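The structure appears below as structure tokens.
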Amino acid sequence: FGIQHLPEKQNLSQKKKIILSNRLHKPLYRIDKIISAFAHLINSQLIDSDFKLIVTASGEESPALQAQAKELGIYDKVEFTGMLGYEQLVEYYKVAKVFVSVPISDGTASSLLESMAYGCIPVLSNLPANLEWVLDKINGFIVPNVGDLGQQILSAIKLSSNYDGYQKLYNFNHQVISNKATFQNNIKAFIELYQ
């Protein structure tokens, strides 16, 4: 039914050098691929060394993911927060520039809709549910092959440094969420259809 509350438009100048991943630590969600892509960008000096990857949630793969970050030499640049409450997660949406979610299969994720509403640039796997919300290079980035994930994250980061381009993307995404992904609007449409 969409997100509970449409946030006020965010001030993008308040965003920090943060990439956010908030899916469960299960094989389905391929968090290991996100860590690998981030490590490549940092270790190859393709992005500023002060970028951080915030990995929220937890799951069966949590210990292996933390070990992977250590092995790749980026443990100090990856923050594993564990499970967060909604209000805590919102604070990360507010400051993150990029939201990354590359599951093997998925429906429409509320986390995607929330991240778009708060001004994160989405980087997503090429799934029908994601393509209902994001058009590649229009209002986010689609990853057709997980091997290209690093390049797509880099493209999102470059866009975030272009203030006008970033603001245009955010204006579009906020409007999409306002029109099609709020609980209030969707319930209203449902009731009208029902009547």
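The values are calculated or read from the model by the stated rules, or taken from the named source; none is laboratory data. For clarity, every value in this text was computed on a predicted model and none was experimentally measured. Neighbour counts run over all protein chains shown; Cβ positions are idealised from the backbone, glycine included. Remember, those area values only see protein heavy atoms, side chains included, never the ligands or the DNA or RNA. Shrake-Rupley method; radii C 1.70, N 1.55, O 1.52, S 1.80 Å.
Numbers at a glance
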{"quantity": "Among the residues listed as ALA109, ALA96, the single one being open to solvent by less than 20 Å² (accessible area, probe 1.4 Å), within 18 Å of ILE153 (Cα to Cα) and not β-branched (Val, Ile, Thr)", "calculated": "ALA96"}
{"quantity": "Candidates ILE157, ILE138, ILE104, filtered to the one that is modelled with pLDDT of 95 or more, among the β-branched types (Val, Ile, Thr), open to solvent by 10 Å² or more (accessible area, probe 1.4 Å) and under 19 Å from ILE19 (Cβ atoms)", "calculated": "ILE157"}
{"quantity": "Cβ pairs under 9 Å, 6+ apart, first in segment 1-29 and closer than 26 Å to GLN184 by Cβ and of a type in the set (Asp, Glu), second part of a loop (DSSP other than H, G, I, E, B) and open to solvent by 80 Å² or more (accessible area, probe 1.4 Å)", "calculated": "none"}
{"quantity": "Residues (on the phi > 0 side of the Ramachandran plot and either in a helix (DSSP H, G or I) or open to solvent by less than 80 Å² (accessible area, probe 1.4 Å) (or both)) located in segment 1-55", "calculated": "GLY2, ARG30"}
{"quantity": "Qualifying helices (runs of 4 or more DSSP H) (wholly inside segment 87-162; at least 2 residues being within 13 Å of the chain's Cα centre (by Cα) and among the hydroxyl-bearing types (Ser, Thr, Tyr))", "calculated": "110-117"}
